[in-house]
1. Condition (residue is charged (D, E, K, R) and touching an Asp or Glu at 6+ places or on another chain (Cβ under 8 Å)) applied to segment 382-397: is it met by at least one residue?
2. Within segment 215-264, how many residues are over 23 Å from ASN119 (Cβ atoms), surrounded by 16 or more Cβ atoms within 10 Å (Cβ to Cβ) and charged (D, E, K, R)?
3. Inside segment 17-74, can you point out the residues that are basic (Lys, Arg) and out of contact with any helix residue (DSSP H, G or I) (no Cβ under 9 Å at 6 or more places or on another chain)?
4. Pick from ASP277, ASP299: which is among the acidic types (Asp, Glu) and either over 29 Å from ILE357 (Cα atoms) or at pLDDT below 95 (or both)?
5. Is there any pair linking a residue in segment 339-363 that is charged (D, E, K, R) to one that is in a loop (DSSP other than H, G, I, E, B) and open to solvent by 40 Å² or more (accessible area, probe 1.4 Å), with Cβ under 7 Å and at least six apart or on different chains, and which?
6. Being in contact with a strand residue (DSSP E or B) (Cβ under 7 Å, 6 or more places away or on another chain), open to solvent by 10 Å² or more (accessible area, probe 1.4 Å) and either part of a strand (DSSP E or B) or not assigned by the TED database to the domain that holds PRO240 (or both) is true for just one of LEU412, LEU394, LEU465. Which residue is that?
Amino acid sequence: MVVSDSLSSDRGTILRVRGPLEFKCHLVSTDARHMLKVISRTFETLKSQVKSESCVLTVCDSPVIIWPNKDVYITPQEITPNAPCDDILKWIQSDEQDPAGLRSAKKKSKKSSAASVINLRLMMEATKTGPLSAPILSRTVQKSHFLSTTFPVDCVVRTTVNETIKDAFERLLKALTHQLCEMEKVTLQHTKGTTLLVPEPLHFLLPEPKGLVTVVYPAGVPDSQLEAQRKELHQQFELPDDWPYFRRANTYHFPNEPYKDGYLRNPHLVLTHPTLDNGKVYLVQGTYSYHHYMQDHTDDNGWGCAYRSLQTICSWFQQQGYVERAVPSHKETQQALVDVGDKKASFVGSRQWIGSIEVQAVLNQLLGVTSKIMFVSQGSELASKGRELANHFLTEGTPIMIGGGVLAHTILGVAWSETSGQIRYLILDPHYTGAEDLQVVTDKGWCGWKGTDFWDQTAYYNLCLPLRPKVF
């Protein structure tokens, strides 16, 4: 388990190559030393394949094919090795495209701040040019073992401004060879008997200026058994030991890749921050899912807002790797409240509301997460809570559930001026009933910045501020 070079995430296009590499080795003995030698020899063969002229990289959703070890030979031949690497983007298919395969020039959405990614497939030419020769068959009878598996290569580099295709792909091939070296180390370390553990490359986005890094873990080994490796990584990158940067749940999600569960992630990232005199913005840290009315084939319109805010909070703990438990359904939430003695058994399956105190109890019961409760006797007092809320997002970084009157919302951040006291709240509204449409959610204010008049000035409010476990 070793890390590739870090890639600063502020600029440049990401080149990402994936593909299976067939790992096959023949063992005449199961002696441990013999096995390790044969495995290393097989990895050398794989590295030779990657460095050979048979190595081919195809650009996904385009007609572009690149032979990186043939002086970076490219088809179509209109693309030259000395062209800027970003020129490849013009050949990737999109919704608007001309018959030649060139992408039409489209205005980027103002709400698209994601880096461009060029996805590539790693392939090997099976045939070679030249005279054909007759096959030769030989037969040997002996007892032996044959190890065969597929290794999933997943390698990334970030291009620099105006970097040529030739230079970028030379770096990519070096990174790919380096990744095979790290996969070899992990395989040798975790091989037991004739059982191979497949090495698994994973990408993690660390705080700037460290950027995107790649770690090779042994597939099938749970995070709980990799604590020593994670501690080593935290020390290597000088990271605090109170945030699980290298747990699998924190693997980097590449731009424009849809999430399989269909939920929107971090819709607030496309919003423009409010401008306050001497103000600063304090935001939720990490990734969460937007949970709201009518999702999951559940009609909870009018009563389920606090349940949905709770789900958003639970998704945050899950996606930061603090817990492995799935986001609870409404019935599971209700059952948890029955189990702790807060509700009677008849509560399960009902449409009864819950509030901040119940959210606190469920987080503790299901996730083992403790929370702080902030009481506000009337909505007008929330304007004076800027310092406490800002400190929460600085130190804990978790979403906050706020309930008042008959409504519940999720606070994702605050913009606050210490000098003037001005404050704005970043609100995620669980009362939304529409489709998972980022444009609608942000344009219509279901996720947006609100002023102090958003709150009922005379209603009392309770805020549940979850505290994240100080673990890595």
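1. If we filter segment 382-397 for residues that are charged (D, E, K, R), which is where we start, we get 385, 387-388, 396.
Applying the additional criterion that residues be touching an Asp or Glu at 6+ places or on another chain (Cβ under 8 Å) yields 387.
The answer is yes, given that some residue of segment 382-397 is charged (D, E, K, R) and touching an Asp or Glu at 6+ places or on another chain (Cβ under 8 Å).
2. Residues that pass the stated criteria total 3.
3. As a first pass, look at segment 17-74 and keep what is basic (Lys, Arg): 18, 24, 33, 37, 41, 47, 51, 70.
Residues satisfying the conditions are ARG18, ARG33, LYS37, ARG41, LYS70.
4. Details: ASP299 fails: either over 29 Å from ILE357 (Cα atoms) or at pLDDT below 95 (or both).
It is ASP277.
5. Once the first residue is charged (D, E, K, R) and sits in segment 339-363, its partners that are in a loop (DSSP other than H, G, I, E, B) and open to solvent by 40 Å² or more (accessible area, probe 1.4 Å) give GLU358/ASP342.
6. Only one candidate qualifies: LEU394.
Results for (1) within 19 Å of TYR263 (Cβ to Cβ); (2) aliphatic (A, V, I, L, M); (3) touching a strand residue (DSSP E or B) at 6+ places or on another chain (Cβ under 7 Å), shown as yes or no for each residue.
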{"position": "LEU426", "(1), (2), (3)": "yes, yes, yes"}
{"position": "THR433", "(1), (2), (3)": "yes, no, no"}
{"position": "ASP437", "(1), (2), (3)": "yes, no, no"}
{"position": "LYS444", "(1), (2), (3)": "yes, no, no"}
{"position": "PHE454", "(1), (2), (3)": "no, no, yes"}
{"position": "GLN457", "(1), (2), (3)": "no, no, no"}
{"position": "TYR461", "(1), (2), (3)": "no, no, yes"}
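Rundown of residues vs (1) modelled with pLDDT of 95 or more; (2) part of a strand (DSSP E or B); (3) open to solvent by less than 30 Å² (accessible area, probe 1.4 Å), yes/no style:
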{"position": "ARG11", "(1), (2), (3)": "no, no, no"}
{"position": "PRO20", "(1), (2), (3)": "no, yes, no"}
{"position": "VAL38", "(1), (2), (3)": "no, no, yes"}
{"position": "ARG41", "(1), (2), (3)": "no, no, no"}
{"position": "GLU78", "(1), (2), (3)": "no, no, no"}
{"position": "LYS90", "(1), (2), (3)": "no, no, no"}
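The values are calculated or read from the model by the stated rules, or taken from the named source; none is laboratory data. What you see is a predicted model, and the numbers here were worked out from it, not measured in a lab. Glycine gets a Cβ as well: all are built from the backbone with ideal geometry, and neighbour counts include every protein chain shown. Side chains included, ligands, DNA and RNA excluded: accessible areas come from the protein's heavy atoms. Shrake-Rupley method; radii C 1.70, N 1.55, O 1.52, S 1.80 Å.
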